[in-house]
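Engineer: Handing you a structure now.
The values are calculated or read from the model by the stated rules, or taken from the named source; none is laboratory data. Because the structure is a prediction, the values reported are computed rather than measured. FYI the Cβ positions are ideal-geometry reconstructions off the backbone, even for glycines, and counts take in every protein chain you see. Keep in mind that these areas ignore ligands, DNA and RNA; they rest on the heavy atoms of the full protein, side chains included. Shrake-Rupley method; radii C 1.70, N 1.55, O 1.52, S 1.80 Å.
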Amino acid sequence: MRHRVLFILVLGSLTAFGPLSIDMYLPGLPAMAHSLNASASEAQLTLTACLVGLALGQLLAGPLSDRLGRRRPVIVGVAAYSLASLFCALSPSVHVLTGLRLVQGLAGAAGIVISRAAVRDLYSGVEAARFFSILMLVNGLAPILAPVIGGQLLKVTSWRGVFVTLAAIGVLLLVGAIAGLPETLPPERRRGDGLRATLATMRGLTRDHVFMGYAIAAGLSFAAMFAYIAGSPFVLEDIYGISPQVFSAVFAANACGIVLVSQINHRLLARFTPRSLLSMALAAAAAAGIALLTVVLVGGLGVWAVLVPLFVVVSAVGAVMPNSTALALTDHPDAAGSASALLGMLQFVIGAVVAPLVGVAGKHTAVPMAALIALLTVGALVTMGLATRRPASVPAVRTPLDG
């Protein structure tokens, strides 16, 4: 049992690289833009650079872990992440910071993609969905704590201190990975083929309409959340006048919604299929996205009229991600690293495209953010319905890690 708990804590922490890298300095994003004489779009481009790095890094680390095993690439990636975070703190301009954020994302991607592949090494179907829901309990603490810590750090330091803190967290995660991450892919199951075979595997995955349906639906849902992440600091602080500390509390409350829904999802998997729960979550998010756009277009309804639909959109991710990930990976046990890489890459690429768009109309309107969230959530629901008509098999597989 101790081994299983430690394994969950390490994997959950590794999947938190995305929220840690993005959410912790969100409260200081406007201050960073002012400090480096950057526009809102230039500041949001630092988020985009990190997302691009997280996407490309997964394409490298995922297939590499299919060949070398899961443990070694994770350790190298976490060490590089810590160094990149330290250099981010020393950035003299927004352009240098953008480049370093790309490197930071490349390094942190190893933990994200390999943690998913490690779960698929051990579990499948419903059991995988349940395990991913458990990881959301650990991973969900990152978006809860990261903006709160970031907001509090801004009381005693600048946005640069946030990146120093990220570097320290990277060191702690490196120690955790060395001590608590076993090798889940034995040598006899590793792929010995080269780049050409890896590319052929990727092409095969892109032609699997069921895999791509779940992957794109998850990517669109993730991008809707990222539109909220990129746009909410300016919308809530500049338009509605809340402080960075209050924004941190709002952000943490939404992240609590992710954790709560993920654990409800874990319980409901005993009665419903992952596909059914995924459909319900996407439908709730789409309805909330349409409500948000309506509220913003009508105007004058106050900040709570915006916060409630945002809470629903963000909370739905707690059911969308575990179920879509399990369903997408179920039919690909022999290429879990590559499938996990393509799944994660789509999420972060779509998010990277969305991030600058929320600021195209300036800092004083919420319409772009609301319109993007509505479009993406409805698109996720439609994609899932049209592209995944063939039911995916969901066998339950248990391993010695279950004790």
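Engineer: Can you tell me which residue is most open to solvent (accessible area, probe 1.4 Å) among those in segment 48-57 that are modelled with pLDDT under 85 and of a type outside the set (G, A, S)? Give the derivation first.
Structural biologist: Restricting attention to segment 48-57, the residues satisfying the condition of being modelled with pLDDT under 85 are 48, 51-52, 54-55.
Next, from what is left, pick out any that are of a type outside the set (G, A, S): 48, 51-52, 54.
Values: T48: 16, L51: 0, V52: 53, L54: 1 Å².
The selected residue is V52.
Engineer: Tell me, please, whether a residue that is under 30 Å from A38 (Cβ atoms) and at pLDDT 80 or above can be found in segment 133-151.
Structural biologist: Among the residues of segment 133-151, at least one is under 30 Å from A38 (Cβ atoms) and at pLDDT 80 or above, which makes the answer yes.
Engineer: Next question, about the same structure. Can you tell me which condition G204 does not meet? The list is (1) buried (at least 18 other Cβ atoms within 10 Å of the Cβ); (2) more than 24 Å from G12 (Cβ to Cβ), and all the others hold.
Structural biologist: (1)
Engineer: Examine segment 266-273 for a residue that is farther than 24 Å from L375 by Cα, assigned to a helix (DSSP H, G or I) and touching a residue at least 24 places away in the same chain (Cβ under 8 Å), and state whether such a residue exists.
Structural biologist: Within segment 266-273, one or more residues are farther than 24 Å from L375 by Cα, assigned to a helix (DSSP H, G or I) and touching a residue at least 24 places away in the same chain (Cβ under 8 Å).
Engineer: Here are L90, L97, L45, L20: which of them is outside any helix (DSSP H, G or I) and closer than 25 Å to G151 by Cβ? Walk me through how you get there before you give the answer.
Structural biologist: Working: L97 fails: outside any helix (DSSP H, G or I); L45 fails: outside any helix (DSSP H, G or I); L20 fails: outside any helix (DSSP H, G or I).
Only one candidate passes the filter, namely L90.
Yes or no, residue by residue, for (1) hydrophobic (A, V, I, L, M, F, W, C); (2) surrounded by fewer than 19 Cβ atoms within 10 Å (Cβ to Cβ):
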| position | (1), (2) |
| --- | --- |
| F87 | yes, yes |
| A107 | yes, no |
| R116 | no, no |
| I178 | yes, yes |
| L181 | yes, no |
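Engineer: Now a separate question. So, in segment 207-239, how many residues would count as being among the β-branched types (V, I, T) and crowded, with 24+ Cβ neighbours inside 10 Å?
Structural biologist: Total meeting the criteria: 2.
Engineer: Output the number of the condition that L135 fails; it satisfies all remaining conditions of (1) out of contact with any Phe, Trp or Tyr (no Cβ under 6 Å at 6 or more places or on another chain); (2) among the hydrophobic types (A, V, I, L, M, F, W, C); (3) surrounded by fewer than 24 Cβ atoms within 10 Å (Cβ to Cβ).
Structural biologist: With respect to (1) out of contact with any Phe, Trp or Tyr (no Cβ under 6 Å at 6 or more places or on another chain); (2) among the hydrophobic types (A, V, I, L, M, F, W, C); (3) surrounded by fewer than 24 Cβ atoms within 10 Å (Cβ to Cβ), L135 is out only on (3).
Engineer: Can you tell me which residue is surrounded by the most Cβ atoms within 10 Å (Cβ to Cβ) among those in segment 5-35 that are over 17 Å from G231 (Cβ atoms) and among the β-branched types (V, I, T)?
Structural biologist: T15
Engineer: Same structure again: Has segment 59-77 got any residue that is in contact (Cβ under 8 Å) with a residue 24 or more places away in the chain, farther than 22 Å from A335 by Cβ, assigned to a helix (DSSP H, G or I) and not charged (D, E, K, R)?
Structural biologist: yes
Engineer: Checking the condition part of a helix (DSSP H, G or I) and either within 25 Å of L327 (Cα to Cα) or in contact with a His (Cβ under 9 Å, 6 or more places away or on another chain) (or both), which residue from V250, V235, V261 passes?
Structural biologist: V261 is the lone residue from the list that is part of a helix (DSSP H, G or I) and either within 25 Å of L327 (Cα to Cα) or in contact with a His (Cβ under 9 Å, 6 or more places away or on another chain) (or both).
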